[in-house]
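Enquirer: Let me give you the structure first, and then I'll get to my questions.
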Amino acid sequence: MKEELKDSCYKVQGNTKLKGAVRISGSKNATLPVLAATLLTDREVTLKNVPWLKDVRNMTDVLKELGARANYENGVMTVNTKDVANFETSFELMNKMRASIYVMGPMLARFGRVKVAMPGGCAIGSRPIDYHLNGLRQMGVQIQTKHGYVDARVEKLKGAKIYLDFPSVGATANIMMAAVLARGTTVIDNAAAEPHIVDLEWFLKSIGARIKGAGSRTITIDGVSKLHGAEHTMIPDQIEAGTFMVAAAITRGNVTLESARAADLKPIIVKLQEAGVNVRELKNAIRVSAKKNLKPAKITTMPHPGFPTDMQPQMMALLSTCSGVSVIKEAVWENRFMHVAEMIRMGANLDVQGHTCIITGVDQLTGSKVVAPDLRAGAALVLAGIAAENTTTVYDIYHIDRGYENFAAKLNALGADVTRIDSE
Ligand code: UD1
């Protein structure tokens, strides 16, 4: 643990069963690329059901840095990129916000040039952008990487047949956005099929793009010459919904998720059911409840429709409380087990062998002081704390602020006792 823990923390009282209903917010992972896609049109765009998160605020700052105007009120964001006249995003913003790489595709499509700071690695892996750059090169873009910046220029993007070695969410979104204003047809093969890619297609269609196939492994885009304004409502957040499903299960509670979309949650629901959790689909809602004795499960993270890597830490916390031996294999990121050491502090019995973690269920997790190593792992530690005995303190919760809207307030409305203590 760090010598000085100056950041804000959550104090979590344990041994609590969660009960009641929670409304799932708009999707963070859908909002970030859609915000970047507003750069494709000089007309005003209105986005509804936008979650007010640190990542969303940072993405808005990236747009403003380029010269856009943006206004947020009560979940509704209006963006107008008519006056964009700067083509460079700064290192400072990229450093806060890796998703600012999403501006590449739309900026090249509309202005033919962009300069972005190279995204660094992050805790979960090295996070390269070679698929993004290779795809754009195939569309005619000249790219120079110098002094930590990617400088990209193109006279006019041309359609291309692009095969991704791995169905990367980021590369798929970037190429989709570039292709909508390109000359001719672009086909992305082995494309990502995540719900947020489908939402991006819906948004691009609403501003006049000709695009089909999102949700499958092949996306086809016929370039058009101009796009218009639109109003679009963001889909509910798949991972926030999954996190609250685990919150219900790990506390052996009974929680109804309002506005969650069961179709997006299938891989999570199947694994919860394998562990003996009851999941019932209602009209526009999902009810999750669990009894004391849950069973072990086997999980491998994969691109959608496989089990999402963003739910791996939360499931590890849950399976730590299920009797028997569970196995989780992390197959998307090379280093996404940093929460293991923190979970062990809380009494979990975990053994990491390469990319696999063997989990032997324990009767009871114990409250401890732990540090959130990243966004989803931070959420998992809070859930573990609610189920554990005594008090847990989760430090470095700035990670959690990036991706969960009103996390503590939502948990407390279900009966949890989570107090935020802000550093001075
Ligand atoms: C990934 C997840 C996404 C999650 C996010 C944050 C998948 C497929 N994607 O999205 O669900 O919300 O992390 O946890 O589960 N890669 C390259 N070169 C590239 C781009 C990616 O080698 O140019 C590799 C990455 O190193 C990684 C994999 O492809 O191993 C997935 O990357 P990608 O889907 O692009 O990452 P994100 O878009 O951040």
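Enquirer: How many Å² of accessible area per residue for region 275-424, probe 1.4 Å?
Expert: In whole numbers, region 275-424 has 40 Å² accessible per residue.
Enquirer: I'd like to know how the chain sits against the 2.2 N^0.38 Å rule of thumb: what's its Cα Rg over that expected value?
Expert: Dividing the Cα Rg of the chain by 2.2 N^0.38 Å gives 0.98.
Enquirer: Now, a different point. I need the P(r) histogram for region 318-424: all alpha carbon pairs, bin width 10 Å from 0 out to the longest distance, whole percents.
Expert: 15, 46, 32, 7, 0
Enquirer: Quote the Stokes-Einstein diffusion coefficient, in whole µm² s⁻¹, for region 101-241, based on the Kirkwood radius over alpha carbon pairs, a temperature of 25 °C and a viscosity of 0.890 mPa s.
Expert: 161
Enquirer: Summarise the accessible area of region 82-214 (1.4 Å probe, protein heavy atoms) by the percent that is carbon and sulfur.
Expert: So the carbon and sulfur contribution to the accessible surface is 49 percent.
Enquirer: Run down the lysines and flag those whose C-alpha is under 30 Å from the C-alpha of K146, throwing out any fewer than 8 positions away in its chain.
Expert: Hits, sequence-local ones excluded: K54, K64, K82, K96, K115, K156, K158, K161.
Enquirer: Sticking with this structure for a sec: Measure nothing but the geometry: give the 0 to 90° angle between the long axis through the Cα atoms of 195-206 and the longest principal axis through the Cα atoms of the chain, rounded to 10°.
Expert: 30
Enquirer: With just the Cα atoms of region 156-195, tell me how far they stretch along each of the three principal axes, in Å, largest first.
Expert: 27, 17, 12
Enquirer: Using the heavy atoms of the protein chains and a 1.4 angstrom probe, tell me the accessible area per residue for region 179-235 in square angstrom.
Expert: Value returned for region 179-235: 37 Å² of accessible area per residue.
Enquirer: Oh, and also: Which one of V114, Q312, G229 is farthest out on the positive end of the charge dipole of the chain, using unit charges on Cβ (Lys, Arg +1; Asp, Glu -1) and the Cα centre as origin?
Expert: Among V114, Q312, G229, the one farthest towards the positive end of the dipole of the chain is G229.
Enquirer: Continuing with this model, one more query. I need the phi-derived Karplus couplings for region 294-310: 6.51 cos²θ - 1.76 cosθ + 1.60, θ = phi - 60°, integer Hz, Gly and Pro marked x.
Expert: So the J values, rounded to whole Hz, are 9, 10, x, 8, 10, 9, 10, 6, 8, x, 4, x, x, 6, x, 4, 5.
Enquirer: Roll a 1.4 angstrom probe over the protein heavy atoms and tell me the percent of accessible area of region 243-301 that is carbon or sulfur.
Expert: Carbon and sulfur: 46 percent of the exposed surface of region 243-301.
Enquirer: Can you tell me the convex hull volume per residue for region 223-277, based on C-alpha atoms, in Å³ to the nearest whole number?
Expert: That works out to 97 Å³ per residue.
Enquirer: Per-residue HN-Hα couplings for region 317-331, Karplus 6.51 cos²θ - 1.76 cosθ + 1.60 at θ = phi - 60°, whole Hz, x for Gly and Pro?
Expert: With coefficients 6.51, -1.76 and 1.60, one gets 4, 4, 5, 5, 9, 9, 5, x, 10, 9, 10, 10, 10, 8, 10 Hz.
Enquirer: Kindly express, to the nearest 10 degrees and within the range 0 to 90, the angle between helix 375-387's C-alpha long axis and the longest C-alpha principal axis of the chain.
Expert: 20
Enquirer: Express in Å², to the nearest 10, the accessible area of E405 obtained by rolling a 1.4 Å probe over the protein heavy atoms while all chains stay in place.
Expert: 40
Enquirer: Quick one: which residues, 5 or more positions from G159 or on another chain, have an amide H under 5 Å from its amide H? H modelled 1.01 Å from N in the peptide plane, none for Pro or chain starts.
Expert: Long-range HN contacts for G159: R183, G184, T185.
Enquirer: Taking amide H positions as placed in the peptide plane 1.01 Å from N, state which residues far from Y149 in sequence (5 or more) or on other chains have amide H under 5 Å from it.
Expert: M118
Enquirer: Quick one: check the C-alpha center-to-center distance for region 178-216 versus region 360-424, whole angstrom.
Expert: 37
Enquirer: Here is a follow-up. Ordered by residue, what ³J(HN,Hα) values in Hz, to whole numbers, does region 219-233 give under the Karplus form 6.51 cos²θ - 1.76 cosθ + 1.60, where θ = phi - 60° and Gly and Pro are x?
Expert: Karplus values, whole Hz, x for Gly and Pro: 10, 10, 10, 9, x, 10, 8, 8, 10, 10, x, 6, 10, 9, 10.
Enquirer: Mind listing the long-range amide H neighbours of T251? Cut-off is under 5 Å, sequence gap 5 or more, other chains count too, H placed in the peptide plane at 1.01 Å from N.
Expert: Close amide H contacts, sequence-distant or interchain: L18.
Enquirer: Moving on. With point charges of +1 on the Cβ of Lys and Arg and -1 on the Cβ of Asp and Glu, referenced to the Cα centre of region 1-158, which listed residue (N95, N29, N71) lies farthest in the positive direction of the dipole?
Expert: N29
Enquirer: Express in % the proportion of alpha carbon pairs of region 41-103 at distances exceeding 17 Å.
Expert: Cα-Cα pairs in region 41-103 separated by more than 17 Å: 39 percent.
Enquirer: How would R280, R127, R287 line up by accessible area, probe 1.4 Å, largest first?
Expert: Largest to smallest exposure gives the sequence R280, R287, R127.
The values are calculated or read from the model by the stated rules, or taken from the named source; none is laboratory data. In this text the structure is predicted, and so the values were computed from the model without any measurement. Cβ sites come from the backbone with ideal geometry, for glycine too, and all protein chains shown count toward neighbours. Note: areas computed on protein heavy atoms with side chains; ligands, DNA, RNA excluded. Shrake-Rupley method; radii C 1.70, N 1.55, O 1.52, S 1.80 Å.
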